1. Limited to the stretch 5-28, what total is found for residues that are over 17 Å from the mean Cα position of the chain (by Cα) and either within 20 Å of Ile171 (Cα to Cα) or among the polar types (S, T, N, Q) (or both)?
2. Restricted to the stretch 157-194, and to residues that are on the phi > 0 side of the Ramachandran plot and among the small types (Gly, Ala, Ser), which residue is surrounded by the fewest Cβ atoms within 10 Å (Cβ to Cβ)?
3. Among Ile154, Ile143, Ile107, which is farther than 30 Å from Asp189 by Cβ, β-branched (Val, Ile, Thr), touching a strand residue (DSSP E or B) at 6+ places or on another chain (Cβ under 7 Å) and crowded, with 22+ Cβ neighbours inside 10 Å?
Amino acid sequence: MKVTQKNVRVFHIIIDDEEAFLDYFRKNSILLKEFFLLLEGNISKSIAFVLDQNGICYKDISTCSIRLGVIKTQAPLVEEERKEEKTIENVVPVAPSIKSKLYDRPIRSGEEISEHVPTVIFGRVNSGAKVFCEESLSIYGIIDGLVQCDGEYIVINGISPRGNLIFNGEIIDKDKVKQNVLQKIVSRDSVIEIKDVV
């Protein structure tokens with residue numbers, strides 16, 4: 001037996017209306033093929049047929065005991081024993097370093113970039129290219145490939161008809177994004193806001 005651990009990109013979808021799900025799937029099928037779908041709710045025969053016909057990997061988790069989502073809580077403070085203070089002379093405070101990544105070029109077709117720091121791309125993201133960023137992301141060229149950002153914000157200059165953008169787990173509707181206009185996308189109280197950068 002061989003066991004390996006893998007990181008998998010997933011979408012968790014709660015289905016409460018068959019037609020709404022099928023419409024959402026038709027609109028985003030090209031993007032969703034890249035992900036494993038965790039489905040809850042009523043997975044009708046029509047839904048299962050469409051997913052199977054499109055080669056989508058999915059699992060009905062309605063009866064699973066898996067907990068999804070992360071509950072962020074502050075760790076309880078632990079009182080430390082008082083220690084004798086020591087005086088240290090000539091100490092120079094060190095400013096924390098903020099790392100970021102800069103790409104001063106287009107992201108080529110077939111190239112996959114995965115960053116854990118704030119990232120800036122001064123070129124386009126070509127068709128077939130994939131960019132995944134856990135922090136804030138700025139892209140000053142057109143998005144023609146797949147971009148996923150889980151940071152505080154993303155700044156973009158437009159999405160082509162072939163391009164796809166996922167921001168904090170939400171697929172961004174291309175019709176709400178202007179072409180060749182810098183826009184900042186943020187999520188406030190689980191609501192996506194898209195504003196022009198002035």
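Each reported figure results from applying straightforward, stated rules to the coordinates on display, with no laboratory input. Remember, predicted model here, so these are calculated numbers, not experimental data. Cβ coordinates were reconstructed from backbone atoms using ideal geometry, including for glycine residues, and neighbour counts include every protein chain displayed.
1. The qualifying residues number 15.
2. Keep residues of the stretch 157-194 that are on the phi > 0 side of the Ramachandran plot, which gives 158, 168-169, 180, 189-190.
Among the residues that remain, those that are also among the small types (Gly, Ala, Ser) are: 158, 169, 190.
On the way: Gly158: 19, Gly169: 12, Ser190: 8.
The residue in question is Ser190.
3. Ile107
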